[in-house]
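K.L.:
Could you have a look at this structure, given as structure tokens, before my questions?
The values are calculated or read from the model by the stated rules, or taken from the named source; none is laboratory data. Model, not experiment: these values are computed from the prediction. When we count neighbours, we look across all protein chains shown, and the Cβ atoms used for this are built from the backbone with ideal geometry, even at glycine.
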Amino acid sequence: MTPEEIIASGNLELYVCGALSPEEVTEVEEAIAAHPEVKREIELIEESLLHLAETVAPPVQAMTWTYILNSIRNVKNIGDTKIRTLNWPAITGWAAAILFMGGIMWMLKQTNDLNNSLQVTTTENTVLKEEKATVESQLAENNKTLEILRSKDYLAYTLLGNQAVAPESFAKVYLNNKEKVAYIDVNGLPTPPSGKVYQVWSLKMEPLTPTSVGLIDPENKAGEGIYKFVNFPTQEAFGITLEPEGGSQTPTLSQLYTLGMISI
Amino acid sequence: MEQPNDLIIAMQNGDEKAFSRLYTMYSEAIYGIIYSIVLDEKTAEELLQDVFIKVWNNASSYSVKKGRFFTWLLNIARNTTIDKTRSKAFKNTKKNLSATNFVDILSSSDSFNRATNAIGLKKFVDALKPACIKIIDLLYFKGFTQVEASKTLELPLGTVKTRNRTCINELRAMVLG
């Protein structure tokens, strides 16, 4: 068909309306490509139909476009990976927020750790203070004892170890004859086995008469390894035996650890 | 009017500005087509939105090498609108749509978009032969194929074609001067 025939056929009008069969569409499209006058004719048909439809339309609300724009922006990247854009300000914002949260968590942890270690230190401090107070009071006690023992009113005696039972043992007795007070230093004696206790005896030689002075137990303690005894009977000798807990009426001589004579 | 291929290609590449300009050029006519079918402004507005969202989302399915952009728009608009008119909800509100054509709309409506243009057209449309009104309504506004129009009007195919051409020619003379 010549361009004129195609224009006169009525196919171009149907083509613009979208009412043409697929075969005729191909024919029209070939003619459009080949003949500028066919294309021009198409444009004129389209323009008049466009105007006609516009005339029928009520006023379009401005909101319609806003709505369309919002919709396409919300779904812009779905199914279209090619033009996916990165929202750097948002990414930066989120990154900053995450870093900030991380920082806060870290600082909270630090504070928590510090609080814990402070608590531990405080506890340790209290323990140390208590220990210090104990040591100080012990020191004061020891000094007091030392002060007493150094005074001229006290005489010192060494009780030597019994060769048969404890040859290496010894004990020291500091005696104030006037006030009948004695301090006994048992550092030279081995630690008594469990269930046993050392008992101090005052001995009269002729005939051999033992008198119990007391037990080496915490009740009499006057300092580290030093025990105090009052109303100490002045006799000729002192001995220390190992006795069952609670002490004995008479000394168990087989367990005599130390013995010393007094030269009055 | 030459087809704005540059704008169409830009839109296909995701250019919102180009899309906005195409919307300005074509939305009124598309709205007119939709409105002539549903005859309800609110429904027509919603459909116009749906149509242009579809245009954006399916932009890549159109090729400037094949077919007119306006015809492509027309098909989307008609299909979207016809789907709507087939929906149950729509059927319940509207009963007798087929009785109305674009001339009825023109003669019953007071407010048109391009007032001056509309007045001129109104006069012309009043003068259009009833046969022309019927054929343009079916082929252009209602999206009938030439075969369907031929059956509905009980005319041979060739007559549908030539009558349609004559009627559009008359319209052209009036609209484009």
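K.L.:
For the subset of region B:1-58 comprising residues that are assigned to a loop (DSSP other than H, G, I, E, B) and among the acidic types (Asp, Glu), which member is farthest from A:Trp65 (Cα to Cα)?
P.N.:
Taking region B:1-58 as the starting set, the residues that turn out to be assigned to a loop (DSSP other than H, G, I, E, B) are B:1-4, B:13-15, B:39-40, B:58.
In the following step, the residues that additionally are among the acidic types (Asp, Glu) were identified as B:2, B:15, B:40.
Working: B:Glu2: 24, B:Asp15: 15, B:Asp40: 18 Å.
Looking at the filtered set, the residue picked out is B:Glu2.
K.L.:
Being under 19 Å from B:Arg78 (Cα atoms) and either more than 9 Å from chain B (Cβ to nearest Cβ) or in a loop (DSSP other than H, G, I, E, B) (or both) is the filter here, so list the residues in region A:29-59 that pass it.
P.N.:
A:Ala57, A:Pro58
K.L.:
Let me ask something additional. At the interface with another protein chain (Cβ under 7 Å from one of its Cβ atoms), part of a helix (DSSP H, G or I) and touching a residue at least 12 places away in the same chain (Cβ under 8 Å), is that true of A:Val16? Can you show your working first?
P.N.:
Working: at the interface with another protein chain (Cβ under 7 Å from one of its Cβ atoms): yes; part of a helix (DSSP H, G or I): yes; touching a residue at least 12 places away in the same chain (Cβ under 8 Å): yes.
Yes.
K.L.:
Follow-up. In contact with a Pro (Cβ under 7 Å, 6 or more places away or on another chain), among the hydroxyl-bearing types (Ser, Thr, Tyr) and closer than 29 Å to A:Ser21 by Cα: which single residue out of B:Tyr31, B:Tyr35 fits that description?
P.N.:
On the way: B:Tyr31 fails: in contact with a Pro (Cβ under 7 Å, 6 or more places away or on another chain).
Exactly one of B:Tyr31, B:Tyr35 is in contact with a Pro (Cβ under 7 Å, 6 or more places away or on another chain), among the hydroxyl-bearing types (Ser, Thr, Tyr) and closer than 29 Å to A:Ser21 by Cα, namely B:Tyr35.
K.L.:
Okay, moving on. Would you be able to tell me the number of residues in region B:153-177 that are small (Gly, Ala, Ser) and at the interface with another protein chain (Cβ under 10 Å from one of its Cβ atoms)?
P.N.:
Applying the first criterion (small (Gly, Ala, Ser)) to region B:153-177 yields B:158, B:173, B:177.
Remaining after also requiring at the interface with another protein chain (Cβ under 10 Å from one of its Cβ atoms): B:158, B:173.
Qualifying residue count, region B:153-177: 2.
K.L.:
If you don't mind, another one. Considering only region B:105-119, state which residues are loosely packed, with under 14 Cβ neighbours inside 10 Å, part of a helix (DSSP H, G or I) and either of a type in the set (Gly, Ala, Ser) or modelled with pLDDT of 90 or more (or both).
P.N.:
B:Ser107, B:Ser108, B:Ala115
K.L.:
Another one. Those residues that are within 22 Å of the chain's Cα centre (by Cα), over 12 Å from B:Trp56 (Cβ atoms) and surrounded by fewer than 17 Cβ atoms within 10 Å (Cβ to Cβ), I need them from region B:4-20; list them, please.
P.N.:
Correct list: B:Asn5 only.
K.L.:
Could you grab me the full set of residues in region A:144-177 that are among the hydrophobic types (A, V, I, L, M, F, W, C) and within 23 Å of A:Pro233 (Cβ to Cβ)?
P.N.:
Going residue by residue through region A:144-177, those that are among the hydrophobic types (A, V, I, L, M, F, W, C) are A:146, A:148-149, A:155-156, A:159-160, A:164-166, A:170-171, A:173, A:175.
Listed by number, the residues that qualify are A:Ile148, A:Leu149, A:Leu155, A:Ala156, A:Leu159, A:Leu160, A:Phe170, A:Ala171, A:Val173, A:Leu175.
K.L.:
Something else: Among the listed residues A:Thr66, A:Thr26, which satisfies the condition of being more than 7 Å from every other protein chain (Cβ to nearest Cβ), of a type outside the set (D, E, K, R), over 24 Å from B:Phe52 (Cα atoms) and surrounded by fewer than 16 Cβ atoms within 10 Å (Cβ to Cβ)? Break it down stepwise before answering.
P.N.:
Details: A:Thr66 fails: over 24 Å from B:Phe52 (Cα atoms).
On inspection, the qualifying residue turns out to be A:Thr26.
K.L.:
Here is a follow-up. Exactly one of these conditions fails for A:Ser71: (1) within 7 Å of chain B (Cβ to nearest Cβ); (2) crowded, with 21+ Cβ neighbours inside 10 Å. Give me its number.
P.N.:
Going through the list (1) within 7 Å of chain B (Cβ to nearest Cβ); (2) crowded, with 21+ Cβ neighbours inside 10 Å, A:Ser71 breaks only (2).
K.L.:
Please name all residue pairs, on different chains or six or more residues apart, with Cβ atoms under 6 Å, provided the first residue is in region B:54-74 and is facing chain A (nearest Cβ under 7 Å) and the second residue is surrounded by fewer than 19 Cβ atoms within 10 Å (Cβ to Cβ) and of a type outside the set (Lys, Arg).
P.N.:
Close Cβ pairs satisfying both conditions: B:Trp56/A:Ile72.
K.L.:
Inside region B:23-39, can you point out the residues that are at the interface with chain A (Cβ under 9 Å from one of its Cβ atoms) and closer than 15 Å to B:Leu106 by Cβ? Write out each step before concluding.
P.N.:
To start, the set of residues in region B:23-39 that are at the interface with chain A (Cβ under 9 Å from one of its Cβ atoms) comprises B:23-36.
Residues satisfying the conditions are B:Glu28, B:Ala29, B:Tyr31, B:Gly32, B:Ile33, B:Tyr35, B:Ser36.
K.L.:
Further question on the same structure: Does A:Asn116 count as under 30 Å from A:Gly223 (Cβ atoms), in a helix (DSSP H, G or I) and of a type in the set (S, T, N, Q)? First the steps, then the outcome.
P.N.:
Values: under 30 Å from A:Gly223 (Cβ atoms): no; in a helix (DSSP H, G or I): yes; of a type in the set (S, T, N, Q): yes.
The answer is no for A:Asn116.
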